[in-house]
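Since every read-out is calculated from the coordinates, none of them should be taken as a lab result. Here the structure is a predicted model, which means the values were calculated and not measured. In this analysis, Cβ positions are derived from the backbone assuming ideal geometry, glycine residues included, and neighbour counts consider all displayed protein chains.
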Amino acid sequence: MNAFLKLMGGAVLSAGLLSAPAWAGFEAGQLAYSQQDYAKALKEFTQAAKRGDPLSQNILAFMYQNGEGVQPNPAQAFGWYKKSAAQGNDYGQFNLGFMYEKGFGTEKNTELAVFWYKKAAAQGNTSAQLSLGHLFEKGEGVPKDMEQAVFWFTRAADEGDAGAQFMLGTLYEKGEGVPQDLVRAFGWYRKAAEQGNAEAQEGLANLSAQGVAPEAAAPAASASSAN
C-alpha cells in the first residue's frame, strides 16, 4: 500500500464498488495530493465525497482537520469522518473515534470513541486496535481491563504496529496484565525498534544492560477473545 493510501484511508476499494464519477474524482484528487496541489485535491475530493465515495469523504475530512488547501475546520472534518464511518470505511471509523476521544470538532465522548474504534478494529485497523488497548489500559470510556488491553495491543502488534509492539514490551517488562517476562519484553522491543521506534530502542538498551539474552527473545503472541 502506498504512503498516501495508508495515511488517508486504507486499501482502495475495487472500482466496481464505486460509481465511475466518484472513482474518477478520487483518482484525480489522489494525483493532485501527491503533487502537493492541495487546492485541486480539495476540489476533486469534495466532488467525489458529495457523490458518496467514503474514501474521498475520509480524505476530505483529513484535509479539513489539518488545513490542507483550506483553513482548518474541525467541525467540517468531524462531519465528513462521520459520513465515511457510516459507510463502513475503517479509517473513517478510526478517525471519527479519534475526534470523539480528543473532543475535536465535537464534544469529547470516550464511550463513542470506543464504539467507533471497535468497529474499525473489527476490520483489522491496527490504529484502532492500538487506541483500544490504551483506553482499556487507562480505563477511559470502558472499565480498566488489562486483559483486554493486552488483547488489543497483541492484535495490533501481530500485524506489525510498532507502537503496539512497544506497549507489549513495556507490559511484559513491568508484569502488568501479563506475567513479567523480560525475554518476551526484549522480543517485542526488538520488533518495534527495528521499525525505528525510539522508545523501544531505549527499552531494548536497558534490557541489554541487564543481561537479557537476545538469542532467547522470540515473542509468541497470544490473546484472549475480545469482549
Highest-first arrangement of 159-165, 185-191, where packing means the average Cβ count within 10 Å | 185-191, 159-165
Computed FRET value (nearest 0.05) for Asn66 with Glu176, which takes r as the C-beta separation and R₀ as 35 Å = 0.55
Hey, which aspartates and glutamates would be in cross-link range of Lys108, C-alpha to C-alpha under 12 Å, not counting anything within fewer than 8 residues on its own chain?
-> Glu140
Which residues in the range 79-104 have a backbone N closer than 11 Å to a point placed 7 Å from the Cα of Asn73 along the Cα-to-Cβ line?
-> 79-80
Stretch Gln123-Ala213 to full length: gain in nm at 0.36 nm per residue minus the Cα-Cα span?
-> 28.8 nm
Dipole magnitude of the range 124-227 about its Cα centre, charges +1 at Lys/Arg Cβ and -1 at Asp/Glu Cβ only, in debye to the nearest 20?
-> 40
Which entries in the list Lys118/Lys138; Lys83/Lys119; Lys50/Lys82; Lys82/Lys144; Lys138/Lys191; Lys82/Lys118 go over 18 Å, if you measure between the two C-alpha atoms of each?
-> Lys82/Lys144; Lys138/Lys191
Return the FRET efficiency for the residue pair Glu147, Asp37: r is the Cβ-Cβ distance, R0 is 41 Å, and the value is rounded to the nearest 0.05.
-> 0.30
Packing-based ranking, highest mean first, of 115-124, 99-108, 80-89 given that Cβ atoms within 10 Å are counted = 80-89, 115-124, 99-108
